[in-house]
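Trainee: To start, I am sharing the structure in question, which I have written as structure tokens.
The values are calculated or read from the model by the stated rules, or taken from the named source; none is laboratory data. What you are looking at is a predicted structure, and each value in this text was computed from that prediction instead of being measured. Every residue, glycine among them, receives a Cβ derived from its backbone with ideal geometry; neighbour counts consider all protein chains shown. For accessibility, only protein heavy atoms count, side chains too; no ligands or nucleic acids. Shrake-Rupley method; radii C 1.70, N 1.55, O 1.52, S 1.80 Å.
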Amino acid sequence: MKDIQKAVPRVDARGKAEGTTAYLADLRMEGMLHGKFFRSTRARARIVSIRKPELPAGYYIIDKDDVPGENVVAMIENDWPAFVDREVNYLGEIISLVVGPDREEIVRIHDSIEVEYEELEPAFSLEEASALKGGPIHGKDNLFADYFISKGTPDEAFRKAARIIEDTCDTGLQEHIYIEPQGMLGWWEDDRVVLKGSLQCPYYVKHAAQEVLGCDDEGIRVIQSTTGGAFGGKEDYPEVIGAAIAVAVNRIKKPVRIVFDRTEDISFTCKRHPSRIRFRTAVDEKGGILGMDIDIHLSGGAYETYSDVVLQRTMFTATGVYDIPSSRVRGRAWATNMVPSGAFRGFGAPQALFGIETHMNHIARELKVDPLEYKSRYFLQKGAATVTNGRIYEDVLLPEMTRQIREMSNYKRKYDEYSKSFGRGIGVAFALHGCGFTGDGEQRLIKAVVRLVKREDEKIEILVSNVEMGQGLLTTYRKIVSKVLGVPLEMIIYENPDTARVPDSGPTAASRSIMVVGYLLQEAAKELKQRWDDESSFEVEKHFKMPPHTSWNQDTLQGDAYPSYGWGVVAVEVEVDPVTFEVETKGIWAVHDVGVPIDERVMEGQVTGGVIQALGYGSLEKLELKDGRFYQNTMTDYMIPTSLDFPKVEGSFVENPYPYGPFGAKGGGELVFDSAAPAFSAAVEQAIGKPISRIPVIPEDIMEVLS
Amino acid sequence: MKVRFSLNGKEISVDVDSLRRLLDVIREDLGLTAIKEGCGEGECGACSVLIDGKIVNSCLVPIAQVGGAQVLTPEGLKGTPRGKCIVDGFTEAGSVQCGFCTPGMLMAAEAILTKNPNPTEAEIREGLSGNLCRCTGYDMIVRGIEIAAEKGEGLW
Ligand code: FES
Ligand code: FES
């Protein structure tokens, strides 16, 4: 084990456990007002008129007319209005913000706003979206994105095929359920708006606020408050809240805070993209794969958010860890009249991996071979061509990882035994997760900058815009810098980022915080060390450069979609009750390659947390839409795993240092989410002896499959 | 209405609407913000306190109900030998990630160990089942409580 891997106590553990660390809802400001959104009650409509009540002194209704800049929530496209203008495209869209000192009075005002709607016909499902039901919601064709990539000679593969095996795989919505709901506080200071919130990407929020305010770079400052979980859910939605509060503070010049209650959070924040993926595989007489044809549909909701890039990741992950000689992948992200889909741990990859893993199982099943053995024949290897005709540059340790998972889970014995009768099953699923932004995004869009400061008191301060949100950065960044410098952890300062002080090192997303930003910190620390005695205090700045081995063409989507990958394999064992079809998970095993974990315990925490969250996705977390509203909009109805739902995760890591990651580390925060859901459904398939191609797998669905 | 109760060992009296949630009295009126609101509907346990030694979701308790009771929050527990022992266990085991559930987990751990100073894994999981954590998958919280039980021999 490398020294860096040795676990240290997390620097934030004590304050959080004792309850002295303040989160957004714990902050107070003199004269602070509260804000509550007034939202549409229709999924698709034109607003005919709005009747506002008489307002008592000190109360405000903020809406589109108060926006000094562009009335948009600036993300990739500026299609999401900060406040509804005339058209409403999902139920819950923000029409206005009621602000004032007393919460009961705010509710009274909120409830007496009257809106007259002219209803339009909404499109909720993929079928309705593609049929342009009610007319297009976005552009002329309802497509946020439509891409095609091809590798090898797919036409020939299908011409030569002895048979073609098909599957259609569906994945559902998922809500993040960070235990701390969304919240933000804004105030007026030094002639500008300051926002402080529970968020992942300070500069994204800054950008969004700048657009609505129409101000320059100096006109807005964003500070992260200690964030009680995020999982991607605080990558996009804080821009929505931030834009609205910025407008309110700009008008009122007083502190305004919004903290969501759980129902508002579940009902109206972004969700994981539901997907439907159709696989067709050309197989020769001996059962060998000649080629695949993959057709991906993602449901994007009413506005684009990150659908374009989520779709790219789904496509570039579509053939999973397998070296498929020829493939065609088409991907489409559709606009619907639902809450916008957005970022969620895995960012499109879990959908693809559920699909490809399930499909590979089904091929093996058709051919009557052990799926694990069949999958092993197709593992990508160093030097292999990826689905985008790029290369795998690293050693692929899947054979060793497979050996370990077989041994840990006692796979062979169980697989053979459970094949014979109803009730028990074991499933194994593999994953790869491209680290960092897709394609050349790191260079073209993000251009990360980090700074390290040597202070007069010999302490070293880390200045980056990446945030601690539970994943351990407060500890791991300090470890990286302290190890390089050879100074104790206590000498390193790293505070919640404030855009007035830190450079833009990019968002806390895309499994990039350690691999990309951590590497820049390591480089900066090396330089700082070299120059240590030159001056008593100075600053070192580092800028991102693409690793020299990669090349990418964004127009053709060809080349190295990612510089490196995390790899994973998870095995799940289940028992299905023959009467109730309740599934009990009996065992969970996981082996991951994250290069070199920067802290073994932090990484173990990622594995156990990610795997259990993914098992929720695969087995429990049903979120259904009824007339544009989520049926499960409380924590009572939307069920996430409790301590009783799953047994311990037995995990291990293989070491595989990556030269452009700090101490050899790659990304791991999302990879750990990628395998458990397909492993679970594979286990249930074996237990019931029937194929499954939809998650979450709930008892009702099992009953349906069996009858 | 006036309600008298003991909070973290001190007798106090508050004069509030009888239906006001204990959670709001503690967090807003008294300014003790260790316990959190994660759901407001009795599902997540982020607002856990001990009332007369029993773990309770303070978001479901109208203040009128605590008259004469002993209420313990993380502010009262953290400085005691038991509280320190659990916090140490949590720190050593990596039980804390985003931390939003953790003060509630601290109270749950105290309740578990008070009931049984040497709990099995199954008993710990049972005792944590009213407290949701979205980050850790629970394994390391369970481990943290096991460590506290080992090191805190005699405390409970
Ligand atoms: S806030 Fe009380 S149980 Fe969730
Ligand atoms: S540590 Fe984040 S919810 Fe438990």
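Trainee: Out of the residues in region A:641-651 that are part of a loop (DSSP other than H, G, I, E, B) and in contact with a strand residue (DSSP E or B) (Cβ under 9 Å, 6 or more places away or on another chain), state the one that is most open to solvent (accessible area, probe 1.4 Å).
Mentor: Per the criteria, the residue is A:LYS648.
Trainee: Could you list all residues from region B:9-24 that are surrounded by 16 or more Cβ atoms within 10 Å (Cβ to Cβ) and touching a strand residue (DSSP E or B) at 6+ places or on another chain (Cβ under 6 Å)?
Mentor: Correct list: B:VAL14 only.
Trainee: Shifting gears a bit: From the list A:SER198, A:SER130, which residue is surrounded by fewer than 18 Cβ atoms within 10 Å (Cβ to Cβ) and either over 30 Å from A:ARG694 (Cβ atoms) or at pLDDT 95 or above (or both)?
Mentor: Within the list A:SER198, A:SER130, the selection yields A:SER130.
Trainee: Then there is this: If you scan region B:10-38, which residues turn out to be of a type in the set (Lys, Arg) and either within 11 Å of ligand 1 (Cβ to nearest atom) or within 14 Å of chain A (Cβ to nearest Cβ) (or both)?
Mentor: Within region B:10-38, B:ARG20, B:ARG21, B:ARG27, B:LYS36 meet the criteria.
Trainee: Being open to solvent by less than 40 Å² (accessible area, probe 1.4 Å) and either of a type in the set (Ser, Thr, Tyr) or away from ligand 2 (no atom under 16 Å from the Cβ) (or both) is the requirement here; does B:PRO119 meet it?
Mentor: So B:PRO119 passes the test.
Trainee: Now for a different question. Could you go through region A:430-448 and let me know if any residue there is over 24 Å from A:LYS545 (Cα atoms), open to solvent by 10 Å² or more (accessible area, probe 1.4 Å) and not hydroxyl-bearing (Ser, Thr, Tyr).
Mentor: No, that holds for no residue.
Trainee: Looking at the structure I just gave you, is A:THR580 part of a strand (DSSP E or B) and over 22 Å from the mean Cα position of the chain (by Cα)?
Mentor: For A:THR580, the condition - part of a strand (DSSP E or B) and over 22 Å from the mean Cα position of the chain (by Cα) - is not met.
This table checks each residue for (1) out of contact with any Ser or Thr (no Cβ under 7 Å at 6 or more places or on another chain); (2) assigned to a strand (DSSP E or B).
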| residue | (1), (2) |
| --- | --- |
| A:TYR237 | no, no |
| A:ILE241 | yes, no |
| A:ILE245 | yes, no |
| A:ARG251 | yes, no |
| A:LYS254 | yes, no |
| A:THR263 | no, no |
| A:SER267 | yes, no |
| A:ILE277 | yes, yes |
| A:THR281 | yes, yes |
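Trainee: Looking at region B:128-143, which of the residues that are in contact (Cβ under 8 Å) with a residue 24 or more places away in the chain and not in a loop (DSSP other than H, G, I, E, B) is nearest to the other protein chains (Cβ to nearest Cβ)?
Mentor: Once the filter is applied, the top-ranked residue is B:MET140.
Trainee: Can you name the residue in region B:49-77 that is of a type outside the set (D, E, K, R) and in a loop (DSSP other than H, G, I, E, B) and, of all such residues, is most open to solvent (accessible area, probe 1.4 Å)?
Mentor: Checking each candidate, the answer is B:GLY68.
Trainee: Follow-up. Identify, from the list A:LYS286, A:LYS234, A:LYS253, the residue that is of a type outside the set (Ser, Thr, Tyr) and free of Cβ contacts under 8 Å to residues at least 60 places away in the same chain.
Mentor: A:LYS286
Trainee: Here's something else I'd like to know. Starting from residues that are open to solvent by less than 20 Å² (accessible area, probe 1.4 Å) and away from ligand 2 (no atom under 16 Å from the Cβ), keep the ones in region B:25-35 and report whichever is farthest from B:VAL87 (Cα to Cα).
Mentor: The selected residue is B:VAL25.
Trainee: For region A:647-684, give me each residue that is over 27 Å from A:ALA510 (Cβ atoms) and either more than 10 Å from chain B (Cβ to nearest Cβ) or under 23 Å from the mean Cα position of the chain (by Cα) (or both).
Mentor: A:ALA682, A:ALA683, A:VAL684
Trainee: Examine region A:542-549 for a residue that is open to solvent by 70 Å² or more (accessible area, probe 1.4 Å), without any contact (Cβ under 8 Å) to a residue 12 or more places away in the chain and within 23 Å of A:ASN656 (Cβ to Cβ), and state whether such a residue exists.
Mentor: Yes, region A:542-549 contains at least one residue that is open to solvent by 70 Å² or more (accessible area, probe 1.4 Å), without any contact (Cβ under 8 Å) to a residue 12 or more places away in the chain and within 23 Å of A:ASN656 (Cβ to Cβ).
Trainee: Here is a follow-up. Which number in (1) under 14 Å from the mean Cα position of the chain (by Cα); (2) at the interface with another protein chain (Cβ under 9 Å from one of its Cβ atoms); (3) not hydrophobic (A, V, I, L, M, F, W, C) marks the one condition that B:GLU121 misses?
Mentor: Tallying (1) under 14 Å from the mean Cα position of the chain (by Cα); (2) at the interface with another protein chain (Cβ under 9 Å from one of its Cβ atoms); (3) not hydrophobic (A, V, I, L, M, F, W, C), B:GLU121 fails exactly one: (1).
Trainee: Working only within region A:179-204, note down all residues that are within 20 Å of A:CYS270 (Cβ to Cβ), in contact (Cβ under 8 Å) with a residue 60 or more places away in the chain and touching a helix residue (DSSP H, G or I) at 6+ places or on another chain (Cβ under 8 Å).
Mentor: Of everything in region A:179-204, those that are within 20 Å of A:CYS270 (Cβ to Cβ), in contact (Cβ under 8 Å) with a residue 60 or more places away in the chain and touching a helix residue (DSSP H, G or I) at 6+ places or on another chain (Cβ under 8 Å) turn out to be A:GLU180, A:PRO181, A:GLN182, A:GLY183, A:MET184, A:GLY197, A:SER198, A:LEU199, A:GLN200, A:CYS201, A:TYR204.
Trainee: Then there is this: Just one of A:GLY92, A:GLY69 is within 16 Å of A:GLU264 (Cα to Cα) and within 31 Å of the chain's Cα centre (by Cα); which is it?
Mentor: Selected residue: A:GLY92, the only one of A:GLY92, A:GLY69 that is within 16 Å of A:GLU264 (Cα to Cα) and within 31 Å of the chain's Cα centre (by Cα).
Trainee: Now a separate question. Of the residues B:THR102, B:THR91, which is in contact with an Asp or Glu (Cβ under 9 Å, 6 or more places away or on another chain), at the interface with another protein chain (Cβ under 8 Å from one of its Cβ atoms) and of a type in the set (Ser, Thr, Tyr)?
Mentor: B:THR102
Trainee: Something else now. Looking at (1) within 21 Å of A:VAL11 (Cβ to Cβ); (2) away from ligand 1 (no atom under 16 Å from the Cβ), find the lone condition where B:LEU106 falls short.
Mentor: (2)
Trainee: Return the total of residues in region A:6-28 being under 17 Å from B:THR80 (Cα atoms) and either away from ligand 1 (no atom under 16 Å from the Cβ) or open to solvent by 40 Å² or more (accessible area, probe 1.4 Å) (or both).
Mentor: 6
Trainee: Related question: Does B:GLU41 fit the bill of being within 12 Å of chain A (Cβ to nearest Cβ), within 26 Å of A:GLU180 (Cβ to Cβ), part of a loop (DSSP other than H, G, I, E, B) and away from ligand 2 (no atom under 16 Å from the Cβ)?
Mentor: Judged against the criteria, B:GLU41 is a match.
Trainee: I've got another one for you. Exactly one condition in (1) more than 8 Å from chain A (Cβ to nearest Cβ); (2) in contact (Cβ under 8 Å) with a residue 40 or more places away in the chain; (3) away from ligand 2 (no atom under 16 Å from the Cβ) is not met by B:GLU75; state its number.
Mentor: With respect to (1) more than 8 Å from chain A (Cβ to nearest Cβ); (2) in contact (Cβ under 8 Å) with a residue 40 or more places away in the chain; (3) away from ligand 2 (no atom under 16 Å from the Cβ), B:GLU75 is out only on (1).
Trainee: Does A:THR585 qualify as being within 16 Å of ligand 2 (Cβ to nearest atom) and touching a strand residue (DSSP E or B) at 6+ places or on another chain (Cβ under 9 Å)?
Mentor: Spelling it out, it is not the case that A:THR585 is within 16 Å of ligand 2 (Cβ to nearest atom) and touching a strand residue (DSSP E or B) at 6+ places or on another chain (Cβ under 9 Å).
Trainee: Name the residue that is farthest from the chain's Cα centre (by Cα), counting only residues in region A:1-23 that are in a helix (DSSP H, G or I) and within 14 Å of chain B (Cβ to nearest Cβ).
Mentor: A:GLU18
Trainee: Moving on. So, in region A:604-640, how many residues would count as being over 20 Å from A:PHE268 (Cα atoms), outside any loop (DSSP other than H, G, I, E, B) and more than 10 Å from chain B (Cβ to nearest Cβ)?
Mentor: The total comes to 2.
Trainee: Any idea how many residues of region A:204-232 are in contact with a strand residue (DSSP E or B) (Cβ under 9 Å, 6 or more places away or on another chain), over 22 Å from A:TYR306 (Cα atoms) and outside any loop (DSSP other than H, G, I, E, B)?
Mentor: So the answer is 7.
Trainee: Within region B:80-102, how many residues turn out to be within 16 Å of ligand 1 (Cβ to nearest atom) and in contact with a Ser or Thr (Cβ under 8 Å, 6 or more places away or on another chain)?
Mentor: The qualifying residues number 3.
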